[in-house]
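One structure below.
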Amino acid sequence: MDKIIIHGGKKLKGEVVISGSKNSALPILFATLLTDEPTTITNVPSLVDIDTTIAFLNFIGKKIVKKGNTVKTYSSYKYKHIAPYDLVRKMRASILIMGPLLSRLKKVDVSLPGGCSIGARPIDIHLDAFKKLGAEISVEGGYVKTFAKDGLKGAKIDFRFQSVGATENILLAAVLAKGKTTIINAACEPEIEDLANVLNKMGAKVAGMGTKKIVIEGVDVLHGFKHEVIPDRIEAATYIIAAAITKGEVTLKKVVPRHLKVVNDKLKKSGLCIKEMEDTISVKWVKNLKPQNVKTEVYPGFPTDVQAQWMVLMCLLSGKSQIEELVFENRFLPVAELQRFGADITINGKVVNIKGVEKFSGAPVMVSDLRAGAALVLAGLAAEGKTVVSRIYHLDRGYDMLEEKLKKLGAGIRRIHN
Ligand code: EPZ
């Protein structure tokens, strides 16, 4: 198993180009099932989750090829309607197969994805919505079997929670349904807007994306498209915090500053110097930062996917701070590992209380999930001495060329292949 070795204490300096968004590219790849015409998707990051999705779509019957950061799909004729456990368990986003296949084949059998380290992650919101669109659903042998003998019909759907995945799944189902679908309490993330823009390029009629009310008028057929995936705002936030935590000076290129407003506003309030231009963000540490409390919320609130990285920064600022995780039920996984660096953190239900410490000392640590892994790398960059990060396959799911980008910024970091 590969490991990452970090010799901390170096200030990051220079430029980093942000990759395309994992969480935008994934639903867009599933959207290619909605058409038999060729498609071209550019700015696709090179990640394990992208490779997993491409293998999955190939299994289903879509001819799909990735060369560099461009994915092309070709006309396909016959799709399988079964998504097996050994594929779905690798990546929860596989559940996005349901919308397109239910819509095209009127049936789909998907292995229940199961939970993951950050929570049980049920799919009740997805299934309730598919029922409203006319699907019959049964759970047998660990599979969710979904069938819409007369095809899907538009409906009014009111989400109990602004679920990102459920909003995407229903978008993917409703665009070819008969009649109008209205989603109330839809998720507003930029990745939802990117997917909806692709669907409209294909000939769909989607309005209201980026707001809590999305209206979809069903159409009969969807066409091929060319699309460039938006930049990854979570990767960008990770590098901004890396610059802050190492007291460095970094310019991020190919970003959308407005996608990071709440994070950058918090960092400016803490004393970090941030300049936002059209597609770049320049970050400079100029003085000791003041701790800031955050609570995670759906977009445009503070992103849960930046919570672990934020936690590490707060651990090294003098003073107290609090983080409340309101999106997932078990997302304080890096706490125990951060305590090995010397962090002073206590968990109290959905809240962690942090007392800043002078410094971290490098330590051997283990990654539990993607964003907790990013937090441990940040801790290693700031720590004195050597840090050895294991189980880094979690990181390879969501960070494109992590060590190469950090090394270019001056970090003492390398990967060893065991
Ligand atoms: C997406 O996951 C992202 N993944 C996650 O990023 C991100 O953390 C999350 O949205 C929240 O922003 C992708 O886009 C591939 P949700 P998703 O449905 O769609 C509960 C990363 O690190 N819920 O908005 O699964 C759920 O348990 C990943 O890149 C239900 O209860 O998130 C959770 O507590 C991690 N029932 C909350 O809602 C449902 O049917 C948010 O889930 C669906 C969700």
Which of the following residues is β-branched (Val, Ile, Thr), within 14 Å of the ligand (Cβ to nearest atom) and either surrounded by 15 or more Cβ atoms within 10 Å (Cβ to Cβ) or farther than 22 Å from GLU191 by Cα (or both): ILE54, ILE41, ILE60, ILE50? ILE50
Residue within the stretch 268-285 that is assigned to a strand (DSSP E or B), surrounded by fewer than 18 Cβ atoms within 10 Å (Cβ to Cβ), more than 14 Å from the ligand (Cβ to nearest atom) and among the polar types (S, T, N, Q) present: yes
On the basis of being surrounded by 24 or more Cβ atoms within 10 Å (Cβ to Cβ), closer than 17 Å to LEU316 by Cβ and either at pLDDT 95 or above or among the β-branched types (Val, Ile, Thr) (or both), does ALA343 make the cut? no
Restricting the stretch 109-120 to residues that are under 22 Å from LEU57 (Cβ atoms) and not hydroxyl-bearing (Ser, Thr, Tyr), the one farthest from the ligand (Cβ to nearest atom) turns out to be ASP109
Report the residue count in the stretch 376-418 for those that are in a helix (DSSP H, G or I), hydrophobic (A, V, I, L, M, F, W, C) and within 16 Å of the ligand (Cβ to nearest atom). 5
Assess whether PHE30 counts as being without any contact (Cβ under 8 Å) to a residue 60 or more places away in the chain and part of a helix (DSSP H, G or I). no
How many residues does the stretch 324-342 contain that are part of a helix (DSSP H, G or I) and farther than 14 Å from PRO364 by Cβ? 1
May I ask you to verify whether GLY373 is crowded, with 24+ Cβ neighbours inside 10 Å, out of contact with any Ser or Thr (no Cβ under 7 Å at 6 or more places or on another chain), at pLDDT 95 or above and in a helix (DSSP H, G or I)? yes
Before we move on, is ASN293 surrounded by 18 or more Cβ atoms within 10 Å (Cβ to Cβ) and not small (Gly, Ala, Ser)? no
What are the residue pairs meeting all of these: first residue in the stretch 391-402, first residue over 16 Å from ASP305 (Cα atoms), second residue modelled with pLDDT of 95 or more and of a type in the set (Lys, Arg), Cβ atoms under 7 Å, and 6 or more apart or on different chains? ILE392/LYS3
Do we find a residue being at pLDDT 95 or above, in a loop (DSSP other than H, G, I, E, B), of a type in the set (Gly, Ala, Ser) and out of contact with any strand residue (DSSP E or B) (no Cβ under 6 Å at 6 or more places or on another chain) anywhere in the stretch 315-322? yes
Residue satisfying condition, being among the basic types (Lys, Arg), within 16 Å of the ligand (Cβ to nearest atom) and over 21 Å from ASN23 (Cα atoms), within set LYS80, LYS132: LYS132
Odd one out for ILE345 among (1) in contact with a helix residue (DSSP H, G or I) (Cβ under 7 Å, 6 or more places away or on another chain); (2) in contact (Cβ under 8 Å) with a residue 60 or more places away in the chain: (2)
Please work out which residue is nearest to the ligand (Cβ to nearest atom), limiting yourself to the stretch 93-108 and to residues that are in contact with a helix residue (DSSP H, G or I) (Cβ under 9 Å, 6 or more places away or on another chain) and without any contact (Cβ under 8 Å) to a residue 60 or more places away in the chain. SER94
Output for the stretch 346-370, where each listed residue is assigned to a strand (DSSP E or B) and buried (at least 20 other Cβ atoms within 10 Å of the Cβ): VAL352, ILE354, VAL365
Sort out which residues of the stretch 164-193 are surrounded by 24 or more Cβ atoms within 10 Å (Cβ to Cβ), assigned to a helix (DSSP H, G or I) and within 16 Å of the ligand (Cβ to nearest atom), and write them in order of number. ALA166, THR167, GLU168, ASN169, ILE170, LEU171, LEU172, ALA173, GLU191, ILE192
Mind listing whichever residues of the stretch 95-124 are outside any helix (DSSP H, G or I) and acidic (Asp, Glu)? ASP109
Working only within the stretch 253-305, note down all residues that are more than 22 Å from GLN162 (Cβ to Cβ), touching a Gly at 6+ places or on another chain (Cβ under 9 Å) and β-branched (Val, Ile, Thr). VAL283, VAL286
Looking across the stretch 296-314 at residues that are polar (S, T, N, Q) and surrounded by fewer than 23 Cβ atoms within 10 Å (Cβ to Cβ), the single one that is farthest from ALA383 (Cα to Cα) is THR296
All but one of (1) within 11 Å of the ligand (Cβ to nearest atom); (2) free of Cβ contacts under 8 Å to residues at least 12 places away in the same chain hold for GLY141; which doesn't? (1)
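The values are calculated or read from the model by the stated rules, or taken from the named source; none is laboratory data. In this text the structure is predicted, and so the values were computed from the model without any measurement. So basically every Cβ, Gly included, is an ideal-geometry build from the backbone, and we count neighbours across all protein chains shown.
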